[in-house]
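Quick note: the coordinates plus some simple rules give every number you see, no bench work behind them. Keep in mind that this is a model prediction, so the values were computed, not measured. Glycine gets a Cβ as well: all are built from the backbone with ideal geometry, and neighbour counts include every protein chain shown.
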Amino acid sequence: MNWAAPTASELYHANDVSWPPIAMRRCGPFMIRKGGGGGQRVSSTSLVDKDFLISDIEAAEQATVALRQPLLFMIRDNDQKLDVALEARGYFIKDPVTLLAGPSARLAEYDPKGLVAIDAPEPLAIMTEIWAAGGITEGRMDVMRRAANPKACFLGRIEDQPAGVAYLACDGNIAMMHALEILPDKRRKGLARSMMGAMGAWSARNGAGTISLVVLSSNKAAIDLYRSIGMVEVGTYHYRKKDVT
């Protein structure tokens, strides 16, 4: 299989495209995202230019406060200087994640071909119920609706009962999966693998040779599953957050 893993930079871009904020704007060397309740990824600030001053951090903080968002920076690969500077300003590490990617064709080998998972262009009512049970708020649902096509929402079934959901959207040749949620009493029955197979097949049909995702680095069981179906680690990032009283 002729497949080359994407770079971490390509996955950072795919993350923004597939899980888009309401708006993004430059503030000196930083990119400020307006999230609208869509979660950390769409409400974080990231470094665009490697050279920055402490005054640039202060300006980014002021812009974030003006949006009524938490002080939250995304620390990507090679952002060590910013990581150190934020730690000195009282920011703590939050939610280290791992970026994974794999060939869509390889994952498609696990596709149940409609027997377990179906896809829809927009969230169905039963999908929103399962997401809500897993803490996926309406703000996150709005993120899915904002994303441009091609995209799809997936519903997985166990014992002829709705049991899992996921969302997938494309950035060129890369499809990125988000918000995989399996009902607690339906876990460890192979549904996540089958749903990833369905998403791999969908990605291949829609011109994306790579399927990717981000997962908490502490979630070893999920990482082991993704590796077992042909995905590899491409990069990492974490957040730096500062509580303001």
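Scanning the range 173-210 for residues that are within 16 Å of the chain's Cα centre (by Cα) and at positive phi yields a single hit, Ala179. Would you be able to say whether some residue in the range 92-105 is assigned to a loop (DSSP other than H, G, I, E, B) and out of contact with any Pro (no Cβ under 9 Å at 6 or more places or on another chain)? No, that holds for no residue. Within the range 197-211, the set of residues being closer than 11 Å to Val116 by Cα and buried (at least 23 other Cβ atoms within 10 Å of the Cβ) comprises Ala198 only. Restricting the search to the range 195-245, which residues are part of a helix (DSSP H, G or I) and of a type in the set (A, V, I, L, M, F, W, C)? Once the filter is applied, which keeps residues that are part of a helix (DSSP H, G or I) and of a type in the set (A, V, I, L, M, F, W, C), the range 195-245 yields Met195, Met196, Ala198, Met199, Ala201, Trp202, Ala204, Ala221, Ala222, Ile223, Leu225.
Here is a list: Ala163, Ala192. Which entry is free of Cβ contacts under 8 Å to residues at least 60 places away in the same chain, touching a helix residue (DSSP H, G or I) at 6+ places or on another chain (Cβ under 7 Å) and assigned to a strand (DSSP E or B)?
So the residue among Ala163, Ala192 that is free of Cβ contacts under 8 Å to residues at least 60 places away in the same chain, touching a helix residue (DSSP H, G or I) at 6+ places or on another chain (Cβ under 7 Å) and assigned to a strand (DSSP E or B) is Ala163.
The residue that is farthest from Lys34 (Cα to Cα), among those in the range 77-105 that are surrounded by fewer than 18 Cβ atoms within 10 Å (Cβ to Cβ) and within 15 Å of the chain's Cα centre (by Cα), is Pro96.
Among the residues of the range 1-32 satisfying the criterion of being over 15 Å from the mean Cα position of the chain (by Cα) and under 17 Å from Ala147 (Cβ atoms), which is surrounded by the most Cβ atoms within 10 Å (Cβ to Cβ)? The residue in question is Ile22. Mind telling me which of the residues Gly172, Gly139, Gly135 ends up being surrounded by fewer than 18 Cβ atoms within 10 Å (Cβ to Cβ), of a type outside the set (S, T, N, Q), without any contact (Cβ under 8 Å) to a residue 12 or more places away in the chain and closer than 29 Å to Gly36 by Cβ? Result of the check over Gly172, Gly139, Gly135: Gly135.
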